[in-house]
Amino acid sequence: RKNELYTARFIPFFQSQIGKGLNAETMAMELARDNRDIIDRLPRSQIDSFISMLMKEKDGRYLDFLGVLCVCDGIAIPDNQVYICRKLLEEHQEGSGVVYLTEPTADKKTMQISVNHGKSWMSMVKFAEQGGDGGSNTYEFLEHQLDLFGQLCYGRNEYVIDVITKKLCYLTWDEVFICLKDKKLPNHLRAKYCELIVGMFVDVSPNYSALETLELSFIFKDVR
């Protein structure tokens with residue numbers, strides 16, 4: 001941990017090396033992963049910098065870095081979740097959006113996707129077929145985007161869930177459920193949508209786990 005904290009001061013330098021084939025973005029991400037000290041010390045300007053790089057190049061590793069800042073050792077970081085949601089999803093929703101858009105087709109049976117903010121659309125199945133073999137950075141970006149959505153909503157973040165599923169409709173119940181049911185989509189992609197169903201629509205307030213509220217103590221006179 002001491003070495004990580006020492007090296008973290010050079011994150012701005014690592015950022016300056018991004019795009020030069022040195023995997024500097026991976027280095028920065030691994031420094032921050034599950035290290036709350038580094039995450040808490042990271043200035044907002046560094047988050048803004050990664051979002052700016054996303055505007056120029058849709059690289060899934062940038063999304064991974066933002067996701068690392070949302071969850072640390074299984075604990076959500078609401079301040080970062082809300083900040084990234086506002087900067088990435090709300091402020092860049094008009095024309096210059098940095099995430100892919102999806103919506104049901106006219107018959108509500110399949111999904112279509114746009115990688116250029118609604119300028120053109122294509123079948124989700126066709127999109128997955130073209131990149132499902134791991135050879136398409138465009139397809140991989142979708143997978144990283146779904147991972148980030150899950151991390152943004154992790155821990156029942158009501159604000160982010162509302163923005164993604166209702167306010168801006170980046171991912172509605174219909175979209176998630178259609179993708180889950182579509183057997184033509186790759187299984188690992190359907191699994192990601194299954195996880196999002198839990199994080200965005202099931203494990204949310206006011207729902208609660210029945211197993212966490214078991215009553216094991218009883219008043220003796222009331223026991224029959």
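Okay, here's what the table says:
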quantity	calculated
Residues that are out of contact with any Cys (no Cβ under 7 Å at 6 or more places or on another chain) and at pLDDT 95 or above, drawn from segment 199-210	201
Per-region count, segment 82-115, residues under 26 Å from residue 23 (Cβ atoms), open to solvent by less than 40 Å² (accessible area, probe 1.4 Å) and part of a helix (DSSP H, G or I)	2
Any hit, segment 46-60, residues being aromatic (Phe, Trp, Tyr), buried (at least 17 other Cβ atoms within 10 Å of the Cβ) and in contact with a Ser or Thr (Cβ under 9 Å, 6 or more places away or on another chain)	no
Residue in segment 211-219 that is under 28 Å from residue 74 (Cβ atoms), open to solvent by 20 Å² or more (accessible area, probe 1.4 Å) and modelled with pLDDT of 95 or more present	no
Restricting segment 168-195 to residues that are in contact (Cβ under 8 Å) with a residue 24 or more places away in the chain, within 21 Å of residue 92 (Cβ to Cβ) and of a type outside the set (Asp, Glu), the residue that is most open to solvent (accessible area, probe 1.4 Å)	168
Candidate set from segment 1-17 (those that are at pLDDT 80 or above and not in a helix (DSSP H, G or I)); member that is surrounded by the fewest Cβ atoms within 10 Å (Cβ to Cβ)	9
Flag for residue 146 being part of a helix (DSSP H, G or I) and aliphatic (A, V, I, L, M)	yes
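The values are calculated or read from the model by the stated rules, or taken from the named source; none is laboratory data. Remember, predicted model here, so these are calculated numbers, not experimental data. We place every Cβ from the backbone using ideal geometry, glycine too, and count neighbours over all the protein chains shown. SASA here: full protein model, heavy atoms, side chains in, ligands and nucleic acids out. Shrake-Rupley method; radii C 1.70, N 1.55, O 1.52, S 1.80 Å.
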